[in-house]
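The values are calculated or read from the model by the stated rules, or taken from the named source; none is laboratory data. Small disclaimer: the values here were computed from a predicted structure and weren't measured. We place every Cβ from the backbone using ideal geometry, glycine too, and count neighbours over all the protein chains shown. Ligands, DNA and RNA are stripped out before the accessible areas are found, and what is left, the full protein with its side chains, is counted by its heavy atoms. Shrake-Rupley method; radii C 1.70, N 1.55, O 1.52, S 1.80 Å.
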Amino acid sequence: MAESRSSAAKPAAFAELSTLLASAPHRPLFLAGSIAVLLSMAWWAVELTWMRFGLAGWPQPSIPPGWAHAMLIQYGLFPLFMFGFLMTTFPRWLGRPDLPWTRYLPVAGCVFGGYVLANIGLLDLGWLLKLGIAVMLVGYLVGVWTLGGVLRASVAERKGHARSCLAALCLGTLGLAIFLAYLFGAPADCALLAIHIGTFGLLLPIYFSVMHRMLPFFTGNVVKGYAVIRPGWSLPVVWMLLLAHLLLAWRGVLGWLWLVDLPLALVFAWHSLSWKPWKAMHPGLLAVLHLAFAWLPVAFVLFSIQDVVYVASGHLILGRAPLHALGIGFFGSMLVAMVTRVTQGHSGRPLQMGAVPWLCFGLLQLVALLRIRAELGGDVYLWLVIAAYGWLLAFLPWVLRSAWIYLTPRADGKPG
């Protein structure tokens, strides 16, 4: 019956769309993130096509294309979903009322609006790139101030996960400001620092903090007799190691990275095994969370192998393979898994994975492997082009389905 109600959902009239999108934080921010999933990779796919095959007249960005790719995905695409999730869950984690639309719509408008401007600015419009990053920074500041206010007003006893997520957003705000300074003439080291902050100071701490809280909780709700393991030591340990990786990588001290990457691999593997994924392969919506998390220890095993070989030989044998095992394998897969779960639950639909999300998740695993393969020799740019268009193919049906849900009322008739 629930599925039949969902299929009967009608699109809102144009005049009602603004009210509908303002009814819950995840609607405008997830919708914007879904558009960004395609927009970011569409530009990158064409850029890679230009690099490999040549495209007459294709305009080039005023900054290195790889830096543009890293910045707009890490600070634009993924954070739109993260703000949507955190502005929904922060009040619930901390025992506070839901946020009014006046607090989250400015975040959605500034982060997404700035992101779009910055993407257009990549078409040899440097001034527009600067403006877009500046507008994104305003959105970050509003979001951090809003979530910080929720945290300050809370009397909840357990605030560790909220503090960790907020700390990462503060660090991400700093990274975005540093990159803006680079655009206005600061040294190139500033851009590199911002990129490293995006990976190891913004995305990974938030992803791990959310999974540390939610993955054992979700599993315990489904698996009978499941022991919820949520160790208090691991968040500070992971934070310490990630910050060390960030600083070592930024300063080019690659010979010491194994001292932090190997412990990170062990910590992440310990969590993955402690959460007993073999007990959580049903239903699919739970299974994909565990399968996506498995990419995290895999990525840091690859980082560790590369680090050890570099110490022994001076060669980076895997190139950016570990980084994309993290970025596509973990960040991308977990995005599909977690956003699908939130979307289903907050639209009054059954907590089921469904054919379209499964297709996206499965194809994305192939894209991650293709991107890793690109670092192993041969026609590298051809593999990169295939992986980029593979991402678009994997996500297109999922984005269309998700956008439909965000633009229609809840299937169960409830508000939100």
Just the Cα atoms of the range 165-245: what Rg and Dmax do they give in Å? 16.6, 58
Taking θ as phi - 60°, what are the ³J(HN,Hα) couplings along the range 182-192 by the Karplus curve (6.51, -1.76, 1.60), each to the nearest whole Hz, with x for Gly and Pro? 4, 4, 9, x, 5, x, 4, 4, 5, 4, 5
Per residue accessible area in Å² of the chain, where ligands, DNA and RNA are left out and the probe is 1.4 Å: 41 Å²
Among the lysines in the chain, how many pairs, 8 or more places apart or on different chains, have alpha carbons under 26 Å apart? 4
Evaluate 2.2 N^0.38 Å with N set to the residue count of the range 264-416, then give the Cα radius of gyration divided by it. 1.19
Counting helices only, and only those DSSP H runs with n ≥ 4, report the 222 nm mean residue ellipticity of the chain as the sum of -39,500 (n - 2.57) divided by its residues, in deg cm²/dmol to the nearest 500. -24000 deg cm²/dmol
Roughly to the nearest percent, how much of the accessible area of the chain is carbon and sulfur, given a 1.4 Å probe? 71 percent
About the Cα centre of the range 259-416, how large is the charge dipole given +1 on each Lys and Arg Cβ and -1 on each Asp and Glu Cβ? Please answer in debye to the nearest 20. 600 debye
Taking amide H atoms as placed 1.01 Å from N in the peptide plane, list the residues 5 or more away in sequence, or in a different chain, whose amide H sits under 5 Å from that of Ser62. Asp124, Leu125
With a 10 Å radius around each residue's Cβ, average the other Cβ atoms per peptide and rank 392-403, 153-164, highest first. 392-403, 153-164
Quick check: convex hull of the Cα atoms in the range 18-85, volume per residue, rounded to a whole Å³? 94 Å³
HN-Hα J in Hz across the range 134-139 - Karplus 6.51, -1.76, 1.60, θ = phi - 60°, x for Gly and Pro: 5, 5, 4, 4, 4, x
Using alpha carbon coordinates only, what is the Rg to Rh ratio of the range 184-326, with Rh defined as the Kirkwood radius? 1.03
Once the dipole of the chain is set up from charges on Cβ (+1 Lys and Arg, -1 Asp and Glu), the residue from the list Leu117, Ile372, Val107 lying farthest towards its positive end is Val107
At 1.4 Å probe size, what's the solvent-accessible area of Val311? Round to the nearest 10 Å². 80 Å²
For the chain, what size does the Cα cloud have along each of its three principal axes, sorted from largest down, in whole Å? 60, 52, 42
Show me 53-60, 325-332 ranked by packing, highest mean number of other Cβ atoms within 10 Å first. 325-332, 53-60
Taking θ = phi - 60°, what integer Hz values does the Karplus form 6.51 cos²θ - 1.76 cosθ + 1.60 yield along the range 100-115, in sequence order, with x for Gly and Pro? x, 4, 5, 9, 9, 5, x, 5, 4, x, 6, 5, 6, x, x, 4
